[in-house]
Amino acid sequence: MDWISNLDIILKAASDILTAGIAIIAFSLFINALTFQLRDIVTKSFTFVLLSIVTIFGTDAFITVIQDLNILKIVIKIHWLGLILLPTAYYLFSDALLTLTGKPSKGKRKIAGWISILISTGFAGLLLTDLLVGNLITGFSPAPYLERTVLNDVFSIFFFGVLALSWYNFIRTYKRTLTKLSRRRMLYLIISAVGPAVGSFPYLLYGSAFAAQYQAFFWFLSLIANGLVAISIIGMTYSVSFFGFPWPDRVIKSRLFRWVMRGPITASLTLGITTIITRLGKQFGVDTSAIVILAMVASIVLFEFLVTIFAPIWERIFFYGDGKQELEKIRALEERLLTTNDIRQFLELILTSICDRLQISGANLIVNNFSTDNLDIKTGTAVTLKPDEKKSILEKLSNKKREQNKSHKGFALLPLIDSGEDDSENLLGAVILSQDVVVGQDPDKKKALDQLVSRVTLALKDRKEQERLFVSLEMLTPQVSVIQDLLASSRIDQSRILNGGRKVDPRTLEKWVRDALTQIWGGPKLLQNPILQLNAVQMRVNEKNESPLNAIRELLREAANTLKPEGDRQYTNEWILYNIVDLKFFEGWKVRDIAKRLALSEADLYRKQRIAINEISKRIIGFEEKASQ
């Protein structure tokens, strides 16, 4: 019968490894879920479900290694805490899903949710005593557990009763979904949700004698159940991801796939390999500590390498669909676009090459009609040009008689001309040499100079084209964001396609307004601000042909102006809200100076600033309602 004992050991080891793997997967997906739109009740309740699963299987993983009986009992009670919370978490999650389809609770579901929360709280309180679960039982069954009590039957009724109500809500949600795609995803969610619910129940309470007699069969069933739970958790997260992110399906699939492969799968496989090596070492009496460390490092590096190599291939095959060529063009564009810093490095290299080739001490590059002056470059001992001087040089070179204007105060001027397809000429800028160099008598120098100047012209021409592209992207981004937000909010409730998606929460909008005002003249809080998605901003972009950022500034300025009393600016109480917003955000005064000018303490200034931002948010909501009509 040795082979049966060995089978017990093998199955138990495999089950223990898979239990730890579930804990890792659940914890990783819980962290991933925290990046969802947590203001959405669906994703909030789903994180509650994942937290319960992490508690259940995390403590299960510790149970196999704890020797101290007192600590073991505490860990098992924490395990029970996860069991108590799980059905309530499922019910709240199912209720949120049903609400999302346009079927909000009219009272009965809400009352049932509160009753479930109260009962769960009561059971959790009983864990402080031995009324819900009794003494610790070890040695008799395949795994330690707490003795069954009279209240266990009550808990089992509560556990499966609340889960039954949850599935009733799931089925109602499925029936209310309209499109084939949304029904399929809801079906994935309903089926996946079975695994953690059924696989978590403490069956040893009712079948400890059977499990003790047929341990190999018990561990075999445990192995299958744990495998299904692991797959189910990933399936649930996949389905809920479509509620949590306003991204296209392929992006959601790709990001979740990479996260699962790089995080929980890599960690679980590494844990499995090191556990197997450790247990084999104990079996044969070999010290495997050094091998375990090497195996751990090798496993992590190898799995990460395989994901890096093969993930793009799998994504192209399974996720991209008919848009493969378009996405490849976008990725190629990302890799080939040159940033301002890249262009500066290239132009500095060209200027240095000109100075070396002509043996002069320095040179300047000035640009004409670019969005930034950061491309004005000076190398060597070239003089710093004042703005008026730069303007004068560019005006001189814009003259049709530029051949007669190729010097300025003893400096040689080399115009950078872009010849268009219609034979038009566009002055991109000029290279200014530190001395009036004559290269006409040296054909090699002239050829080299012409070639270097042509490369400067090519770089500036490309940069000009990229700026046009950036402007187009800036105009397109908020419109695409609106579409993505509508896509996310309408995956289940198609009526949101008609009403424009979710209404803006006033508290959320207040945060957006504060962020936008903080970086009103530029910064990531303005560039990536969700206010870009508002109809009030889009209307200004379309009707006035403004850039989205200027449209936000105009919207905020218009809202701020509603705080301004009639007449000239004064520094009285009735002007105080407007003055705070205008001086701090639009004019850039320091808080200390504003407080001194308005005769306020800094604490009082911040308090009134919050009031002002709240008022501006209310005005913007009014603009948005008007724009949406």
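Observations
- Any hit, the range 527-548, residues being touching a Phe, Trp or Tyr at 6+ places or on another chain (Cβ under 7 Å), more than 23 Å from K511 (Cβ to Cβ) and free of Cβ contacts under 8 Å to residues at least 24 places away in the same chain: no
- Tabulated pairs, the range 99-118, first farther than 15 Å from L85 by Cα, second of a type outside the set (S, T, Y) and in a loop (DSSP other than H, G, I, E, B), C-beta under 7 angstrom, 6+ apart or interchain: L100/I492; L100/D493; T101/I492; T101/D493; G102/D493
- Residue check, E474 assigned to a loop (DSSP other than H, G, I, E, B), modelled with pLDDT under 80, closer than 30 Å to L428 by Cα and not assigned by TED's automatic domain parsing to the domain that holds N369: no
- Of residues in the range 579-602 being β-branched (V, I, T) and over 17 Å from P565 (Cβ atoms), the one surrounded by the fewest Cβ atoms within 10 Å (Cβ to Cβ): V591
Table: residues versus (1) modelled with pLDDT under 85; (2) on the phi > 0 side of the Ramachandran plot; (3) not in a helix (DSSP H, G or I).
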| position | (1), (2), (3) |
| --- | --- |
| A14 | yes, no, no |
| T19 | yes, no, no |
| Q37 | yes, no, yes |
| V54 | no, no, no |
| I66 | yes, no, yes |
| P87 | no, no, no |
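- R607 meets each of the listed conditions (1) touching a Leu at 6+ places or on another chain (Cβ under 8 Å); (2) loosely packed, with under 13 Cβ neighbours inside 10 Å; (3) among the basic types (K, R) apart from (1).
- Whichever residue in the range 231-286 is of a type in the set (S, T, Y) and modelled with pLDDT of 80 or more and, among such residues, is farthest from L98 (Cα to Cα): T278
- Filter result (closer than 19 Å to T99 by Cβ and crowded, with 18+ Cβ neighbours inside 10 Å) within the range 175-209: R176, T177, S182, R185, M186, L189, I190, A193
- Test: residue in the range 143-160 that is surrounded by fewer than 17 Cβ atoms within 10 Å (Cβ to Cβ), out of contact with any Pro (no Cβ under 7 Å at 6 or more places or on another chain), closer than 21 Å to Y203 by Cβ and aromatic (F, W, Y): yes
- So L556, is it more than 24 Å from the chain's Cα centre (by Cα) and at pLDDT 80 or above: yes
- Leading residue by the ranking (nearest to A559 (Cα to Cα)) among those in the range 583-627 that are assigned to a helix (DSSP H, G or I) and polar (S, T, N, Q): S617
- Filtering D436, D444 for residues that are assigned to a helix (DSSP H, G or I), modelled with pLDDT under 80 and among the charged types (D, E, K, R) leaves a single hit, D444.
- Pair list, Cβ < 8 Å and 6+ apart or interchain, from the range 200-228 residues that are part of a helix (DSSP H, G or I) to residues that are of a type in the set (D, E): Q215/D8; A216/D8; W219/D8
Listed here are the residues, each with its yes/no results for (1) at pLDDT 75 or above; (2) assigned by TED's automatic domain parsing to the domain that holds S547; (3) surrounded by fewer than 17 Cβ atoms within 10 Å (Cβ to Cβ).
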site: C355; (1), (2), (3): yes, no, no
site: S361; (1), (2), (3): yes, no, yes
site: G380; (1), (2), (3): yes, no, yes
site: D422; (1), (2), (3): no, no, yes
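- Unique residue being β-branched (V, I, T), over 18 Å from F160 (Cβ atoms) and either in the same structural domain as P196 (by TED's automatic domain parsing) or out of contact with any Asp or Glu (no Cβ under 8 Å at 6 or more places or on another chain) (or both) when the list is V65, V133, V49: V65
- Between N169, N135, the distinction of being touching a residue at least 12 places away in the same chain (Cβ under 8 Å) and surrounded by fewer than 17 Cβ atoms within 10 Å (Cβ to Cβ) belongs to N135 only.
- Scope the range 397-407; condition at pLDDT below 75 and closer than 23 Å to A459 by Cβ; matching residues: S398, R402, K406
The values are calculated or read from the model by the stated rules, or taken from the named source; none is laboratory data. Please read all numbers here as calculations on a predicted model, not as lab measurements. A quick note on method: Cβ atoms are made from the backbone with ideal geometry, for glycine too, and the neighbour counts reach across all protein chains shown.
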